[in-house]
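In what follows, a single structure is set out as structure tokens and then discussed.
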Amino acid sequence: MTGFTAAGIRNKENKRSTADELREAAGLAAGLGAAALIFHALGIGCPIRWLTGIPCAGCGMTRALISFATCHFREAVRFHPMVFAVPPAFLLWVFRRRLPGRAKSMLRKAVWAAAGAFIAVYAVRIFAGDPLLHPDIRSGVLWKLAKEAGNVLSVLRQ
């Protein structure tokens with residue numbers, strides 16, 4: 001039997017209301033936004049690039065989503081060509097529990113296809129020389145730590 005709550009009507013299969021799902025999505029979006037702001041404020045930007053000096057497959061996506069949200073679509077695509085896939089993917093993720101069984105199976109396949117597309121776009125961007133994806137391993141924290149560890153070891157050997 002379907003029950004009523006202050007948040008709205010609950011779905012009898014998953015016992016979660018639309019309001020619950022939207023709150024979960026808002027929490028996730030807020031958490032990701034807060035992390036992005038903290039990384040930006042600390043001068044880190046992308047944590048993967050900061051650590052390794054190598055841009056990740058999502059490099060430029062934050063800037064692309066900001067451009068998308070402000071209706072600067074050309075700029076959004078320039079920052080990351082897969083930007084238009086993110087909003088519908090996010091909505092599908094939010095309401096994934098409401099999908100019928102066959103749609104869930106199709107969604108799983110779509111997720112794998114999207115992951116493959118992200119990797120393919122990443123490879124094309126790297127090999128095409130996209131200036132946003134210029135790797136610089138020596139700027140990564142791991143390289144710098146390794147270099148300092150080498151310096152310490154050379155001093156200890158003397």
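The values are calculated or read from the model by the stated rules, or taken from the named source; none is laboratory data. Quick caveat: nothing in here was measured; it's all calculated off a predicted structure. With ideal geometry, Cβ positions are generated from the backbone for all residues, glycine too; neighbour counts draw on all protein chains shown. These area figures cover heavy atoms from the full protein model, side chains too; ligands, DNA and RNA do not enter into them. Shrake-Rupley method; radii C 1.70, N 1.55, O 1.52, S 1.80 Å.
Contact map, the range 86-113: first residue closer than 19 Å to A29 by Cα and open to solvent by 70 Å² or more (accessible area, probe 1.4 Å), second residue modelled with pLDDT of 80 or more and part of a helix (DSSP H, G or I), Cβ cut-off under 7 Å, separation 6 or more or different chains; pairs are L92/L107. Of all the numbered requirements in (1) open to solvent by 80 Å² or more (accessible area, probe 1.4 Å); (2) touching a Lys or Arg at 6+ places or on another chain (Cβ under 7 Å), P55 misses one, and that requirement is (1). Is there a residue in the range 145-156 that is surrounded by 13 or more Cβ atoms within 10 Å (Cβ to Cβ) and either modelled with pLDDT under 90 or more than 26 Å from F90 (Cα to Cα) (or both)? Scanning the range 145-156, I find no residue that is surrounded by 13 or more Cβ atoms within 10 Å (Cβ to Cβ) and either modelled with pLDDT under 90 or more than 26 Å from F90 (Cα to Cα) (or both), so the answer is no. If you take the residues of the range 114-140 that are surrounded by 14 or more Cβ atoms within 10 Å (Cβ to Cβ) and β-branched (V, I, T), which of them is modelled with the highest pLDDT? Residue satisfying both the conditions and the ranking: V121.
Kindly evaluate R74 against the criterion of being free of Cβ contacts under 8 Å to residues at least 12 places away in the same chain and of a type in the set (K, R).
Numbers: free of Cβ contacts under 8 Å to residues at least 12 places away in the same chain: yes; of a type in the set (K, R): yes.
Against the criterion (free of Cβ contacts under 8 Å to residues at least 12 places away in the same chain and of a type in the set (K, R)), R74 qualifies.
Of all the numbered requirements in (1) under 20 Å from V141 (Cα atoms); (2) modelled with pLDDT of 85 or more; (3) open to solvent by 50 Å² or more (accessible area, probe 1.4 Å), P81 misses one, and that requirement is (1).
So that you can scan it fast, the table gives a plain yes or no per residue for (1) modelled with pLDDT under 85; (2) of a type outside the set (K, R); (3) over 21 Å from I126 (Cβ atoms):
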residue	(1), (2), (3)
R10	yes, no, yes
L28	yes, yes, yes
H40	yes, yes, yes
A64	no, yes, no
E75	no, yes, no
